[in-house]
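Below is one structure, written out as structure tokens; the observations come after it.
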Amino acid sequence: MKKIQVSISDLVIGKGAPIAVQTMCNTDTLNVDASTQQCIQLAEAGAQLIRLTTQGLKEVEALANIKAKLRNQGITTPIVADIHFNSEVAIAAAQVAEKVRINPGNFSQVHKDAQGQFSKFIHECKKYGTAVRIGLNHGSLGEEIVNKYGNTPEGMMRAAMQWLDMCRNEKFENAIVSLKASNTIVMTQAYLLLYKAMEESGTIFPIHLGVTEAGNSDQGRIKSAIGIGALLYKGIGDTIRVSLTENPVHEIEAGKQIAEFFESGDAASLLKSVESQATKTPQLNFSSFGCQKEDWNRFIIRVASLFGPMLLDYSIDNFNISNSPYPAKIMENLRENILQGARRVFYHPEYIACPGCGRTQYNLEETFNKVKEKTAHLKGVRIAVMGCIVNGPGEMADADYGYVGQGGGMVTIYKGKEPVLRSVPDTEAIDRLLDIIEKDTN
Ligand code: SF4
């Protein structure tokens, strides 16, 4: 079995290297000063890779300026260009960024054309020593795959394997792969299928793990810890991104907490202690998590990383934590969020919210919090809040309702996959969304 290791400047990913923690800027890439400033903050927080949205050639130029400014200040963190559709932009970005993230299936609707453009792109990456992430998300698969396999974990795996096979055939080994979804079951199944398919092919490319559109606060951290943790327990995953609708510095903190839990051996020893209880409702003492009362975020990440994957695969049905310093109501809420994150019981609405990036069309964080406040009573309803109309509708996957930034202070409201209200001023959009949901649920 051949295990590939990818080097991006000084950073090594895969084949047993430590888990690399990464994030993405939410600034406008064309705003070079703001983006450089945010990259500096992220590097100082410990980001090992920083991604910036790169919609067009102007953004590639801005990326070159941002990179030059960072290097002038002695910041060597590799820069990743995030490309969605255009292979010409991907090729230009390969000459500037240390790594480029693409979904080659989006290069063209015609699969043969997409293959041709991908081939040109990897040729350029070879020339410049640029690494690539083949990043496919649930909800953004090409038509051919969806027609054959549906929008399923198998479809995601098949799509990724097509591109990895091409990398192998073209002797391009500087590739990392991801298959993200917001639903933790879909996400973990897709990665497990992918790992198995790579084993069968004889070549294991490094894997980037993430639960996409995870939302924010406790729920976002918990969902991410469950999905990422479920795979890290199986030894799958080389680099991680915790995607939060918050300041991206928080993503680094959460990512480091997950990586540290697994790499310290704490995850394995707590798992052993839970398994030794041979019960469907294990119990652990608060002190066994190695956290102080002030470490709430670290504590919930550890609890979710431990119990979430076991709830996800039905090896347990519930859990208890004794001697916690937190009020019973807070602990109950934590338990509910973990059971919901593992998709066992739905106590609250299911929020799907993108983390925002240079394409975001409005104050996403504030709007998402307002939507959450006004919809908190809608148990089990899946509500998406997405930053842009270009990728938002595809990536909100199986949401029942969507609030999607359209640009120019306008919002499009979706019911399932259908846009039902377009160009709603953002001052009224939350109320219009609520009117639609209430009409349907009453
Ligand atoms: S959906 Fe959100 S994160 Fe994705 S490209 Fe649009 S604004 Fe960026």
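See the values below:
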read-out	value
Student exercise, segment 1-140 dipole from Lys, Arg, Asp, Glu Cβ charges, in Debye to nearest 20	600 debye
Alpha-carbon centroids, segment 70-105 and segment 236-259: separation in whole Å	20 Å
Theoretical ellipticity at 222 nm over the chain - DSSP helices of four or more residues, -39500 (n - 2.57) apiece, nearest 500	-15000 deg cm²/dmol
Dipole magnitude of the chain, debye to nearest 20 (Cβ charges: Lys/Arg +1, Asp/Glu -1, about Cα centre)	780 debye
Lysines with Cα under 27 Å of Lys329, excluding same-chain neighbours fewer than 8 positions away	Lys223, Lys280, Lys293, Lys370, Lys372, Lys374, Lys379
Segment 1-62 - charge dipole about Cα centre, Lys and Arg +1 at Cβ, Asp and Glu -1, debye rounded to 20	520 debye
Highest average packing first - 223-231, 155-163, 206-214, Cβ atoms within 10 Å	223-231, 206-214, 155-163
Partners for Lys171 among lysines (Cα-Cα distance below 26 Å; same-chain residues under 8 apart left out)	Lys2, Lys3, Lys15, Lys99, Lys112, Lys120, Lys126, Lys127, Lys180, Lys196
Two-site label geometry, Lys148 and His111: point separation in nm, points 7 Å out along Cα→Cβ	0.4 nm
From phi via Karplus (6.51, -1.76, 1.60), per-residue ³J(HN,Hα) for segment 190-196 in Hz, x at Gly/Pro	4, 5, 5, 4, 4, 4, 4
Under Karplus coefficients 6.51, -1.76 and 1.60, residue-wise ³J(HN,Hα) of segment 306-314 in Hz, glycine/proline x	7, 7, x, x, 6, 6, 4, 9, 6
Dipole axis of segment 2-209 (+1 Lys, Arg; -1 Asp, Glu on Cβ), positive-most option in Leu30, Ser140, Ser178	Ser178
Using distinct alpha-carbon pairs, which all enter the 1/r mean, Kirkwood radius of segment 1-108 in Å	14.2 Å
Alpha-carbon centroids, segment 152-201 and segment 311-372: separation in whole Å	27 Å
DSSP beta bridge pairing in segment 2-209, given as percent antiparallel to the nearest 5	10 percent
Furthest towards positive pole of dipole, Ile430, Thr412, Met396, structure part segment 392-442, Cβ charges	Thr412
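FYI, it's all coordinate maths here, none of it is from the lab. A quick note: this is a predicted structure, and the numbers were derived from the prediction, not measured. Every residue, glycine as well, gets a Cβ built from its backbone with ideal geometry; the counts of neighbours run over all protein chains shown.
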